[in-house]
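Below you'll find the structure, written out as structure tokens, and then a few comments.
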Amino acid sequence: MSDASAVIQASNLHRSYKIAKKSIEVLHGIDLSIQRGERVFLCGPSGAGKTTLLYTLAGLERPEQGSVHIDGVDLYSLGPKRQAAFRNAKIGYIFQNYLLLPELTALENVLVPGAIGGVDADAAAKAALARVGLADRADHLPAELSGGEQQRVAIARALVNHPPVLFADEPTGNLDSRNSKEVMDLLLGLAAESDTTLVVVTHDEHLATRGDRRLVIKDGKITDGSALATTDEALLCQRCGGTGREPESVA
Ligand SMILES: Nc1ncnc2c1ncn2[C@@H]1O[C@H](COP(=O)(O)OP(=O)(O)O)[C@@H](O)[C@H]1O
Ligand SMILES: [Mg+2]
């Protein structure tokens, strides 16, 4: 079903993986509409397909069937170059394990999206680092930063181009509770400032209640968990872990 006002519109997404001749269907005909400025939390047990869905919505993993429209543009109908340029301008992505480039400083990591987009983003990168409270860590390598600081650099990198859509895969999964709250406050605050549409995978039930909508992925399908506070689906939000995995590309 098409929803012209949605900033993210996914229709009939199918994706399966084959392991040792056995095929597992991870996305089983997913339909999803997310409105501009909406903050959506996505829950589900480990292995349910949260990362696969986020990759598919962000243009990082082509579905076997179905389509994804971002801001009205059919993501998988674009050629590779145009799709990469579109992603660079429109989509921020925070990977589960930060995925900072280890040989680059904090500032250089935040400069990468601007460099890919062909703009001199020095001032923007410095402002983004300052906004996440890391102006005085600009010259540190990732190995010289704490986990919470690395995640903040990843947030600055994802937001430096002011993308209208931001995906975050378990952004607090490796952080203690104090850092989790700080990072989530920062993410929600930054998104609100610029009316960014936010899709966040989390296994933390308390964090999941801070969005406008909570979705649960299970058996390859999505259910709206927001009205399910006492059901099994809602409990999955509390219990789901999620191992995450390395992406094929960061660009
Ligand atoms: N590249 C791959 N090859 C084979 N199976 C995969 C691959 N990526 C993910 N899977 C499988 O797909 C399922 C969903 O994975 P994923 O999307 O990472 O789940 P989640 O993020 O919810 O933990 C899992 O069973 C996982 O083992
Ligand atoms: Mg995952």
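At-a-glance table
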read-out	value
Local net charge near Leu13, Cβ-Cβ under 9 Å (Lys/Arg +1, Asp/Glu -1)	-1
Burial ranking of peptide ranges 65-73, 41-49 (average Cβ count within 10 Å, highest at the top)	41-49, 65-73
Rounded tilt (10° steps) of 106-117 against the dominant C-alpha axis of the chain	70 degrees
Once the Cα gyration tensor of segment 82-226 is diagonalised, semi-axes √(5λ) in Å	25, 18, 13
Listed residue (Ser46, Asn97, Leu78) projecting farthest to the positive dipole end of segment 40-105, Cβ model	Leu78
Length-normalised contact order for segment 1-115 - Cα pairs under 8 Å, 6+ apart - percent	24 percent
Over the chain, relative contact order from alpha-carbon pairs under 8 Å, at least 6 apart, %	27 percent
Solvent-accessible area, 1.4 Å probe, carbon plus sulfur percent, for segment 82-163	56 percent
Translational diffusion of the chain, µm² s⁻¹ [Kirkwood Rh, Cα pairs; Stokes-Einstein; 37 °C; 0.692 mPa s]	179 µm²/s
Formal net charge of residues neighbouring Glu25 (Cβ-Cβ distance under 10 Å; K, R +1; D, E -1)	-1
Where GluC sites (Glu not before Pro) fall in DSSP loop in segment 1-97, at most 14 other Cβ within 10 Å	Glu64
Among beta bridges that DSSP assigns inside the chain, antiparallel share in %, nearest 5	55 percent
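The values are calculated or read from the model by the stated rules, or taken from the named source; none is laboratory data. Please read all numbers here as calculations on a predicted model, not as lab measurements. For neighbour counting, all protein chains shown are included, and Cβ atoms are generated from backbone atoms with ideal geometry for every residue, glycine included. Please note that ligands, DNA and RNA were not included when accessible areas were found on the heavy atoms of the full protein model with its side chains. Shrake-Rupley method; radii C 1.70, N 1.55, O 1.52, S 1.80 Å.
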